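The values are calculated or read from the model by the stated rules, or taken from the named source; none is laboratory data. In this text the structure is predicted, and so the values were computed from the model without any measurement. As a convention, Cβ positions derive from the backbone with ideal geometry for all residues, glycine included, and neighbour counts pool all protein chains shown. These area figures cover heavy atoms from the full protein model, side chains too; ligands, DNA and RNA do not enter into them. Shrake-Rupley method; radii C 1.70, N 1.55, O 1.52, S 1.80 Å.
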Amino acid sequence: MISRLEESPLFRIACPRHIVFFGASNNFNRMGSIMLSSIQSLGFEGPIYPVHPKEETVRGLKAYRSVMDLPEVPDLSIIVLPTELVCDALEECGQKGIKHAIVVSGGFRELGPEGEVRQERLASIAKKYEIKVLGPNCLGVANPHHKFNPTPIELEGRPGFVGLASQSGSFITQMFNYLHLHGMGFSTAFSVGNEAILDLVDCLEYLGACPKTKVITLYIEGIRRGKDFMRVARDIVGRKPIVALYVGGSDTGKKASLSHTGALSGPDEIYDAVFKQCGIIRARTLVELFDFALALGTLPPPKGNRVAIQTHSGGPGATAADACGRAGLQLPDLMPRTVERLRAYLPHTASTSNPVDLTFSKNNREYFSGIPDVLLSDDQVDMLLIYMLSPVVFIRRFLREGGIGESELERLEDTAVKELTRMMLDLPKKYRKPVVGYTFRSLQEKMTRDLLEGGIPIYPDAERAAKALAAHVRYHQIKSEFHTRHVE
Amino acid sequence: MTDPISLIQTARKEGRKSLSEYESKQFLAAFGIPVCKEVIVKSSDEAAHEAEKMGFPVVLKASGAKLTHKTEAGAVVINLKSKEEVKKEGERLLSIEGCEALSVQEMVPGARELVCGLTRDPHFGPAVMFGLGGIFTEILKDTVFRIAPLEERDAFEMMDEIRARKILDPFRGEEAADRNILAKTLVAVGEIGLKYEDVAEIDINPLKIRPDGKLVAVDALVILT
């Protein structure tokens, strides 16, 4: 197990200082050109050396006829060439002394026996020159913290805390926008492709050592180095949460068996066992994968599984209570002192049992600061789940009714929202308890967006919020069990 | 106690791909897994004699290398209460095609049946199964797995993960299942998988819970690689 990022074979793949690029041209209608443009648009800070047989410049960069002509030995080679040219290019990289490569090109093992032979040749070249290869048939890596994104899609949003190792390239590139809209971003994301040399286990190990990665997500279709995977995952889980989505368990493997046990052991059951034994949280969908990552990457550790729910209306409260129950979370009774203190804030129609239902919100400041503060101070409450009725809409209407002109409206609204946001962001810090919101409105509304970026997860549904909280609780149980075992 | 290796070698020599039920139970017993009393005899007279020694009621089964699906072949008779019954059924079983001997077994009381087994995953290695046993195992599919080696805590987690977990609690006048023996059994099955490359799969079904909560393997099958 590596202790420092620099020891990982992926270090100079994720954090290269200089790059040679095969397969980009001045024709933008080419995969290579699109990928090079992604690197340029994120502002990669090191030199990029395109290799091209004819062009003098490629996308404004000085082009080289051969990798042999480069003025230095780059850390990384990115190869996006037609399949039949890939092995020769890798061979030249080896002769130049390049030690890392991303092979984006397809046409290898995924194509059957003919591709298999080609992949074996690729692997033998890589071994001969000791080149660490990611791919072939992959999208490589995205490392926003290093301003490095050679994937075909431009990066959106800020660098984040979510590490991803994926056996599908799409789940890197297609998630840039999704993560941004949900208040997250990648720390580093790997697409492993055919795993000719480097595989998902290497990526997991890298992410375990990566200081920017607070939570690791995995998209798995099949792991070949099973025992290594388990060893590495177990080593990481005591320090950092791992969430995995496994897909691909078919029943075909079950039929050939002579025993009941064999007949009942599909890959899905085996992966379920592997995840449990390694302390990996299993997600059932891609949405869940990142819902869990959001909670695990932002929330302070919970002391238990007891949730207080705060709403201004019955329906959202009842559905949240139902979702929490199904997720295995408890709704504790509030302590008498808490109920007493709440009365000062609540109208006589309100319910002071849990869920706390205001029925009518007298005051935004109280809803987002005073009341949650009282709830979080209760020793029976480990976490707060709060319904985000839409403060921005209310503020705007109040201002308008108060005769504020449209020119002033925006500024006053901003000031009010900023203050509410600041007050609310203080709560989890003050009590060191998880606070999570849910809403049916857009996550891009002013205050919601600010809260997301400030580290309060807000989900588009109580069900999703409850499951994420349950995953968070589960991880911290696992973590303390792992630590107890190590002490033993 | 029989040496587990010699059981495998004998089966190999005879060109068999699995151990007989009797051998399978001997094999498992060598690892501390509780198995029911069983005696193999050649004639119905001997069967009647052994049954009396064991105490009635007994179970009588036809035994033979090719008889793997005994229930379907009508080769299992339960609840025989006298020497005469054993003798009569023994004659009938010996006439079944493929029957080479008779197995006399104690009739294990208890209403609850579990299953436990071993399979091999090409990438993760031997894996242990635990769940609800009996004839509906594959229909109800209430089973969970762990990759070997298992720690005892893994075994206890498995017991809590099946839907029918309450079957391990006190039930209709029968005592709670002995979870410690169950855990040791599951751990042992995993160890067999790690230690014996020759063992491809194991089924212990049913693994019965006696009314006093003790466990006993009533039927077992060890399949070789």
- Any residue in the range A:441-449 that is open to solvent by 70 Å² or more (accessible area, probe 1.4 Å) and not assigned by TED's automatic domain parsing to the domain that holds residue A:236? yes
- Message: Which condition from (1) surrounded by fewer than 18 Cβ atoms within 10 Å (Cβ to Cβ); (2) assigned to a helix (DSSP H, G or I); (3) within 20 Å of the chain's Cα centre (by Cα) is the one that residue B:49 breaks?
- Response: (3)
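Name the residue, out of A:400, A:396, that is over 23 Å from residue A:333 (Cβ atoms) and exposed (fewer than 14 other Cβ atoms within 10 Å of the Cβ).
Numbers: A:396 fails: exposed (fewer than 14 other Cβ atoms within 10 Å of the Cβ).
From the options A:400, A:396, the qualifying one is A:400.
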- Task: Filter the range A:311-336 for residues that are closer than 22 Å to residue A:474 by Cα and among the hydrophobic types (A, V, I, L, M, F, W, C) and give the result.
- Result: A:320, A:321, A:323, A:324, A:327, A:329, A:331
- Message: Which count do you get for residues in the range B:127-184 that are within 14 Å of chain A (Cβ to nearest Cβ), touching a strand residue (DSSP E or B) at 6+ places or on another chain (Cβ under 8 Å) and aliphatic (A, V, I, L, M)?
- Response: 13
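Could you tell me which of the residues A:327, A:318 is away from every other protein chain (no Cβ under 14 Å), under 26 Å from the mean Cα position of the chain (by Cα) and open to solvent by 20 Å² or more (accessible area, probe 1.4 Å)? Walk me through how you get there before you give the answer.
Numbers: A:318 fails: under 26 Å from the mean Cα position of the chain (by Cα).
Being away from every other protein chain (no Cβ under 14 Å), under 26 Å from the mean Cα position of the chain (by Cα) and open to solvent by 20 Å² or more (accessible area, probe 1.4 Å) holds for just one of A:327, A:318, which is A:327.
Kindly establish whether residue B:13 is within 14 Å of chain A (Cβ to nearest Cβ), surrounded by fewer than 19 Cβ atoms within 10 Å (Cβ to Cβ) and closer than 25 Å to residue B:199 by Cβ. Even if it seems obvious, please write down each step before you answer.
On the way: within 14 Å of chain A (Cβ to nearest Cβ): no; surrounded by fewer than 19 Cβ atoms within 10 Å (Cβ to Cβ): yes; closer than 25 Å to residue B:199 by Cβ: yes.
Against the criterion (within 14 Å of chain A (Cβ to nearest Cβ), surrounded by fewer than 19 Cβ atoms within 10 Å (Cβ to Cβ) and closer than 25 Å to residue B:199 by Cβ), residue B:13 does not qualify.
Looking at the range B:54-88, which of the residues that are assigned to a helix (DSSP H, G or I) and within 22 Å of the chain's Cα centre (by Cα) is farthest from residue B:105 (Cα to Cα)? Even if it seems obvious, please write down each step before you answer.
Let us first name the residues in the range B:54-88 that are assigned to a helix (DSSP H, G or I), namely B:54, B:83-88.
Filter once more, so that each one left must be within 22 Å of the chain's Cα centre (by Cα): B:54, B:86.
On the way: B:54: 8, B:86: 11 Å.
This residue is B:86.
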- Query: Can residue A:371 be described as β-branched (Val, Ile, Thr), more than 21 Å from residue A:428 (Cα to Cα) and in contact with a helix residue (DSSP H, G or I) (Cβ under 8 Å, 6 or more places away or on another chain)?
  - Reply: no
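Going by the structure shown, is residue A:197 surrounded by 24 or more Cβ atoms within 10 Å (Cβ to Cβ) and more than 14 Å from chain B (Cβ to nearest Cβ)? Even if it seems obvious, please write down each step before you answer.
Values: surrounded by 24 or more Cβ atoms within 10 Å (Cβ to Cβ): no; more than 14 Å from chain B (Cβ to nearest Cβ): yes.
When the stated conditions are applied, residue A:197 does not pass them.
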- When you scan the range A:347-365, how many residues do you find that are of a type outside the set (A, V, I, L, M, F, W, C), within 22 Å of residue A:332 (Cα to Cα) and outside any loop (DSSP other than H, G, I, E, B)? 2
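Which ones in the range B:191-225 are hydroxyl-bearing (Ser, Thr, Tyr) and either open to solvent by less than 30 Å² (accessible area, probe 1.4 Å) or under 16 Å from the mean Cα position of the chain (by Cα) (or both)? Working first, answer last.
In the first step, residues of the range B:191-225 are kept if they are hydroxyl-bearing (Ser, Thr, Tyr); the result is B:196, B:225.
The one that is hydroxyl-bearing (Ser, Thr, Tyr) and either open to solvent by less than 30 Å² (accessible area, probe 1.4 Å) or under 16 Å from the mean Cα position of the chain (by Cα) (or both): B:196.
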- Task: Kindly establish whether residue A:62 is open to solvent by 50 Å² or more (accessible area, probe 1.4 Å) and touching an Asp or Glu at 6+ places or on another chain (Cβ under 9 Å).
- Result: yes
- Query: residue B:216 fails exactly one of the following numbered conditions: (1) in a strand (DSSP E or B); (2) in contact (Cβ under 8 Å) with a residue 40 or more places away in the chain; (3) under 18 Å from residue A:273 (Cβ atoms). What is the number of that condition?
  - Reply: (3)
- residue A:168 passes all but one of the listed conditions (1) at pLDDT below 95; (2) over 25 Å from residue A:138 (Cβ atoms); (3) out of contact with any Pro (no Cβ under 8 Å at 6 or more places or on another chain); the exception is number (2)
- Of everything in the range B:152-185 that's in a loop (DSSP other than H, G, I, E, B) and open to solvent by 80 Å² or more (accessible area, probe 1.4 Å), which residue is nearest to residue A:478 (Cα to Cα)? B:163
- Query: Of all residues in the range B:16-32 being within 14 Å of chain A (Cβ to nearest Cβ) and charged (D, E, K, R), which is most open to solvent (accessible area, probe 1.4 Å)?
  - Reply: B:17
- Item | Among the residues listed as B:35, B:86, B:39, the single one being hydrophobic (A, V, I, L, M, F, W, C) and open to solvent by less than 20 Å² (accessible area, probe 1.4 Å) | B:86
- Query: Does residue A:414 fit the bill of being open to solvent by 30 Å² or more (accessible area, probe 1.4 Å), assigned to a helix (DSSP H, G or I) and of a type outside the set (A, V, I, L, M)?
  - Reply: yes
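Identify all residues within the range B:70-119 that are small (Gly, Ala, Ser) and more than 14 Å from chain A (Cβ to nearest Cβ); write none if there are none.
Initially, the range B:70-119 is screened for residues small (Gly, Ala, Ser), giving B:73-75, B:82, B:90, B:95, B:98, B:101, B:103, B:110-111, B:117.
Within the range B:70-119, B:73, B:74, B:75, B:82, B:90, B:95, B:98, B:101, B:103, B:110, B:111 qualify.
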- Query: Quick one: in the range B:114-126, which of the residues that are in contact with a strand residue (DSSP E or B) (Cβ under 6 Å, 6 or more places away or on another chain) and in contact (Cβ under 8 Å) with a residue 60 or more places away in the chain is nearest to residue B:215 (Cα to Cα)?
  - Reply: B:114
- Query: In the range A:201-249, what residues are under 19 Å from the mean Cα position of the chain (by Cα), open to solvent by 10 Å² or more (accessible area, probe 1.4 Å) and within 14 Å of chain B (Cβ to nearest Cβ)?
  - Reply: A:221, A:246
- Considering (1) away from every other protein chain (no Cβ under 12 Å); (2) surrounded by fewer than 21 Cβ atoms within 10 Å (Cβ to Cβ), say which one residue A:279 fails and leave the rest. (1)
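Within the range A:1-120, considering only strands (runs of 3 or more DSSP E) that don't extend past its boundaries, which have at least 1 residues that are under 22 Å from residue A:206 (Cβ atoms)? Step through it out loud before you land on a result.
Details: elements: A:19-22, A:48-51, A:76-79, A:100-103.
Here the list reads A:19-22, A:76-79, A:100-103.
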- With criteria (1) within 25 Å of residue A:480 (Cβ to Cβ); (2) away from chain B (no Cβ under 14 Å); (3) touching a residue at least 60 places away in the same chain (Cβ under 8 Å), residue A:178 comes up short on (1)
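I need the full set of residues from the range A:121-173 which are among the hydroxyl-bearing types (Ser, Thr, Tyr), farther than 18 Å from residue A:187 by Cβ, touching a strand residue (DSSP E or B) at 6+ places or on another chain (Cβ under 9 Å) and outside any helix (DSSP H, G or I), in order please. Break it down stepwise before answering.
Applying the first criterion (among the hydroxyl-bearing types (Ser, Thr, Tyr)) to the range A:121-173 yields A:124, A:129, A:151, A:166, A:168, A:170, A:173.
Then drop every residue that is not farther than 18 Å from residue A:187 by Cβ, which leaves A:124, A:129, A:168, A:170.
Now drop any that are not touching a strand residue (DSSP E or B) at 6+ places or on another chain (Cβ under 9 Å), which leaves A:168, A:170.
A:168, the sole residue that qualifies.
Quick one: in the range B:125-151, of everything that is of a type outside the set (D, E, K, R) and in contact with a Lys or Arg (Cβ under 7 Å, 6 or more places away or on another chain), which residue is surrounded by the most Cβ atoms within 10 Å (Cβ to Cβ)? Please lay out each step first, then the result.
Let us first name the residues in the range B:125-151 that are of a type outside the set (D, E, K, R), namely B:125-137, B:139-140, B:143-145, B:147-150.
After this cut, where a residue has to be in contact with a Lys or Arg (Cβ under 7 Å, 6 or more places away or on another chain) as well, the list is B:125-128.
Numbers: B:125: 16, B:126: 26, B:127: 25, B:128: 31.
Among those residues, the one meeting the criterion is B:128.
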